[in-house]
Structure formats: structure tokens, C-alpha cells
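Visitor: Next up is a structure, given as C-alpha cells.
Every number in this text was worked out from the coordinates using simple rules, so none of it is lab data. Bear in mind the structure is a predicted one, so any value in this text is a computation, not a measurement. When we count neighbours, we look across all protein chains shown, and the Cβ atoms used for this are built from the backbone with ideal geometry, even at glycine.
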Amino acid sequence: MIAYLKGRVLDMGGETLILEVNGVGYELYCSAKVFSLARIGGELEVYTSMQVKEDGITLYGFASPKEKELFLKLTSVSGVGPKSGIAVFTAMSADEAAAAILTADVKKLSTVKGLGKKTAEKIVLELHGKISAAEVMSASGDFSAEIPAYAEGERLSAADEDAVSALQNLGFTRSESLHAVKRAKESGAAGLEEIIRRALQG
């Protein structure tokens, strides 16, 4: 299996790019993050998933092991093929996709080309317990830095307190949850679902 490639970008356009590695050109369907990093003639490294079917072998490229891991989880869901899986990373980042699953944001997932509401609901149902909330938050940085938590004795709104409780239920300490909610509010989040989603995204 081909799990990783590093080489020179020969061409790119549409949904694919061609990566030359030791004189061999590999065509890959890539995430939006990979395309944002790619430059024709420039060096690029990608983490790959090789899908083997009767009609051929297809390579999918990702910017990080985290993207690849989430892709594999998505395609483990019945009804989600590799084309739909890679489409998720065209519509949103890996952090956003993971946060949408954690917060059961079916509406956001339904906007991905090829999914639809029923498939989005199935993704949330099957993957909700398989996505690490800690991984989503840690990827966005240290929540204790830059933005202070609520001052001691400061009274939280009902929505803020509910958001803190929800994050604690996902395995975070109260201090971590307070920092995350504070940061989400600073970015303009309002309403319980949006606060939780922004908190997880950082």
C-alpha cells in the first residue's frame, strides 16, 4: 500500500494533481488543504490512502495524518465512498468536520456534495463516539494562552454554562472548558450550538 509520497508537483487542476516521485507521476485526488500548499514545480508531501477496485486503483492525498485518519473513518460509514469522503475536505477543514460530527451538526455536513441529510445523520450516529474532542481542540492551540478565562466569581450566562458543561461531558476539565468557551465568545459565537462548535474549532 502507498501511504506517503514526497515529490515535485507536475500539474494540478480540477480535483487532482500529479506528483512526480523518482521519475514516476502519481495522480491524486486531494483535499483543499493539499491544494492550498501545492505549487507547480514545487515540492510537496502528502499522506495517501490507496483505494483498490475492480476498475482501477485510486490515490487520495491529505495534508496530515489527522486528515487521512478522519477520511478513513468517514469512508467506513456505509454509503460514504472515497469521492464523498474527499469532498468533505473540499467543503471544510478536518477540524471543522470533526467538530460537526462531535456537535451533531447534520446541517453543516449535509452541505457537502454527495452526502445529503440521511447520510450526514448516519455519519454522526456512527462516528460520534469515534472522534476525539481533545484532538480537535489541541489542534487549534492551547486554550489557556492568549485569551484569559472568566474572572473568578464572574457569572456565566445560561448558554455559557451549558456550553461549559457540554465540553466537560466530552472529557475536558472545567478550566479547559472555560477557556474554550471564552475564546469562542471572543470570536463572536452566540447561542449554545455555535459556542460549542466554535470552542471545538478554536
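Visitor: From the list (1) 34; (2) 27; (3) 41, can you say which value of percent of Cα pairs over 26 Å apart was derived from the structure given?
Guide: Evaluating percent of Cα pairs over 26 Å apart on these atoms matches (3).
Visitor: Determine the alpha carbon to alpha carbon distance for each of K73/K130; K83/K108; K6/K53; K83/K122 and list only those over 20 Å.
Guide: As for pairs spanning more than 20 Å Cα to Cα, those are K6/K53.
Visitor: A further question follows. Please identify every one of the trypsin sites (Lys or Arg not before Pro) in the stretch 101-132 that sits in a loop by DSSP and has no more than 12 other beta carbons within 10 Å of its own beta carbon.
Guide: K113
Visitor: On a 0 to 90 degree scale, rounded to 10, what angle separates helix 158-169 from the longest Cα axis of the chain?
Guide: 60 degrees
Visitor: For the chain, what relative contact order do you get, as a whole percent, if you take Cα pairs closer than 8 Å and at least 6 residues apart?
Guide: 14 percent
Visitor: Taking the mean number of other Cβ atoms within 10 Å as a proxy for protection, how do you rank 189-195, 82-88 from highest to lowest?
Guide: 82-88, 189-195
Visitor: In whole Å, what is the distance between the alpha-carbon centres of the stretch 109-128 and the stretch 28-90?
Guide: If we compute the Cα centre of each part, the gap is 18 Å.
Visitor: Another one. Assign unit charges at the C-beta atoms only (+1 for Lys and Arg, -1 for Asp and Glu), then state the dipole size of the chain relative to its Cα centre in Debye, rounded to the nearest 20.
Guide: Approximately 400 debye in magnitude.
Visitor: Further question on the same structure: Of V88, G114, S165, which is farthest on the positive side of the dipole of the chain, counting Cα position, with +1 on Lys and Arg Cβ, -1 on Asp and Glu Cβ, and the Cα centre as origin?
Guide: In the chain, that residue is G114.
Visitor: Once label points are set 7 Å from the Cα along Cα→Cβ at both I57 and R39, what is their separation, rounded to one decimal in nm?
Guide: 3.1 nm
Visitor: Separate question: Rank the residues V181, V124, V21 as a footprinting-exposure proxy: fewest other Cβ atoms within 10 Å of their Cβ go first.
Guide: Ordered from fewest to most neighbouring Cβ atoms within 10 Å, V181, V124, V21 come out as V21, V124, V181.
Visitor: From the phi angles alone, apply the Karplus equation (6.51, -1.76, 1.60; θ = phi - 60°) to the stretch 96-107 and give each ³J(HN,Hα) in whole Hz, x where the residue is Gly or Pro.
Guide: 5, 5, 5, 5, 5, 5, 4, 9, 6, 7, 4, 4
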